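Just below is one structure, and these are the notes that go with it.
The values are calculated or read from the model by the stated rules, or taken from the named source; none is laboratory data. Here the structure is a predicted model, which means the values were calculated and not measured. Cβ placement follows ideal geometry from the backbone for every residue including glycine, while neighbour counts extend to all protein chains displayed.
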């Protein structure tokens with residue numbers, strides 16, 4: 001389910017009529033083109049890359065299982081160092097279920113799924129749904145609805161080819177502060193209705209990855225099993241300035 005965000009308007013002077021509020025809201029939102037907002041957000045994301053690519057982070061991935069309507073149980077927990085090599089994110093496993101392990105000799109490029117906002121302009125209809133506040137910033141809320149006639153794409157990086165999406169775009173900076181993808185059709189083993197949420201955090205006024213949450217319901221006979229994956233990012237620092245990573249040579 002999509003959590004509804006409320007829009008707030010501040011009026012000064014006499015109390016406006018219901019009609020005047022309607023036309024004011026329509027004029028205010030109509031002045032913003034959702035496609036232009038998305039294009040600006042994507043360009044801002046591209047321009048930010050040279051500033052954020054050298055930030056290292058800690059990633060905790062926790063897996064949960066719920067036999068509905070039972071209690072949520074954690075089934076696994078992995079901790080990684082995450083950084084960028086040759087424009088690709090790589091991950092080094094450093095702990096399993098809270099217990100440190102000896103890091104591997106080489107970083108691993110994990111073959112993870114992706115929901116790329118860059119794919120939205122191709123097969124989605126965009127509308128401006130309203131405003132919201134995230135991280136203390138006013139945001140535009142843009143809705144992207146998948147064209148039912150759009151072709152399937154089974155690539156692991158093409159989650160948006162099967163999804164509707166909602167985006168929260170900072171009005172001042174055009175940072176993408178939150179993305180929510182909702183699968184409209186089965187994709188890569190994930191059933192229709194699966195939800196993926198991406199939330200940014202602000203570190204030194206830069207939008208870095210803060211949390212990624214994926215949930216899907218799997219039917220098992222007469223019961224439903226809810227599977228969740230939650231990725232929490234923390235401990236960001238600059239590579240070379242505040243930290244160092246060493247890899248043992250491979251013989």
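Across the stretch 191-206, the number of residues qualifying as within 28 Å of residue 138 (Cα to Cα), in a loop (DSSP other than H, G, I, E, B) and in contact with a strand residue (DSSP E or B) (Cβ under 9 Å, 6 or more places away or on another chain) comes to 2. In the stretch 183-190 there is no residue that is at pLDDT below 90, touching a strand residue (DSSP E or B) at 6+ places or on another chain (Cβ under 6 Å) and assigned to a strand (DSSP E or B). Checking each residue in the stretch 50-84 for being under 21 Å from the mean Cα position of the chain (by Cα), free of Cβ contacts under 8 Å to residues at least 24 places away in the same chain and in a strand (DSSP E or B) picks out 77, 78, 79, 80.
Does the stretch 223-240 include one or more residues that are in contact with a helix residue (DSSP H, G or I) (Cβ under 7 Å, 6 or more places away or on another chain), closer than 27 Å to residue 122 by Cβ and either modelled with pLDDT under 95 or surrounded by 14 or more Cβ atoms within 10 Å (Cβ to Cβ) (or both)? Outline the logic, then answer.
Initially, the stretch 223-240 is screened for residues in contact with a helix residue (DSSP H, G or I) (Cβ under 7 Å, 6 or more places away or on another chain), giving none.
The answer is no, given that none of the residues of the stretch 223-240 is in contact with a helix residue (DSSP H, G or I) (Cβ under 7 Å, 6 or more places away or on another chain), closer than 27 Å to residue 122 by Cβ and either modelled with pLDDT under 95 or surrounded by 14 or more Cβ atoms within 10 Å (Cβ to Cβ) (or both).
Take the conditions touching a helix residue (DSSP H, G or I) at 6+ places or on another chain (Cβ under 9 Å), within 30 Å of residue 33 (Cβ to Cβ), surrounded by fewer than 20 Cβ atoms within 10 Å (Cβ to Cβ) and without any contact (Cβ under 8 Å) to a residue 40 or more places away in the chain and apply them to residue 184. Does it pass?
Details: touching a helix residue (DSSP H, G or I) at 6+ places or on another chain (Cβ under 9 Å): yes; within 30 Å of residue 33 (Cβ to Cβ): yes; surrounded by fewer than 20 Cβ atoms within 10 Å (Cβ to Cβ): yes; without any contact (Cβ under 8 Å) to a residue 40 or more places away in the chain: yes.
In short, yes.
If you go through the stretch 86-102 and keep only what is surrounded by 10 or more Cβ atoms within 10 Å (Cβ to Cβ) and farther than 13 Å from residue 58 by Cα, you end up with 96, 97, 101. A residue that is surrounded by fewer than 17 Cβ atoms within 10 Å (Cβ to Cβ), at pLDDT below 95 and not in a strand (DSSP E or B) can be found somewhere in the stretch 156-177.
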